[in-house]
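The values are calculated or read from the model by the stated rules, or taken from the named source; none is laboratory data. Note that the structure is a prediction, hence the values are computed from the model and not measured. Because the Cβ atoms are built from the backbone with ideal geometry, glycine has one as well, and the counts that use them run over all protein chains shown.
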Amino acid sequence: MYLADSYCSEFTTSNHNYSHTYIEFDNPRTVSGIREGQLLAYGSGPIILQSLDNNGNQHSTNNVWYVPFITESSISLNATIAAD
């Protein structure tokens, strides 16, 4: 399950296996808006999300960052707005 988050700077997940083609970063990148401070992301990749409504719609995003030790995956509302 992914939560919509207006503070997180990137789409995030704690499980890189959700991505079809996970690619590790050359150097860790800073993610802000998670907890009270910053955490490091170690790679990224695309994922497909399926809605929980009766329609079963699917949505994809290409840049979900792998951040170990987070308890919930996040959909960054800021990154969604910036992409439009």
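Just a few scattered comments:
- Conditions (1) buried (at least 17 other Cβ atoms within 10 Å of the Cβ); (2) modelled with pLDDT under 80: number failed by I47: (2)
- Checking each residue in the stretch 50-61 for being closer than 17 Å to N17 by Cβ and either loosely packed, with under 15 Cβ neighbours inside 10 Å or of a type in the set (D, E) (or both) picks out Q50, S60.
- Number of residues in the stretch 50-84 that are in a strand (DSSP E or B), modelled with pLDDT of 75 or more and among the β-branched types (V, I, T): the value is 2.
- All positions within the stretch 10-39 that are in a strand (DSSP E or B) and either within 11 Å of N63 (Cα to Cα) or modelled with pLDDT of 90 or more (or both): F11, T12, T13, I23, E24, F25, D26, N27, P28, R29
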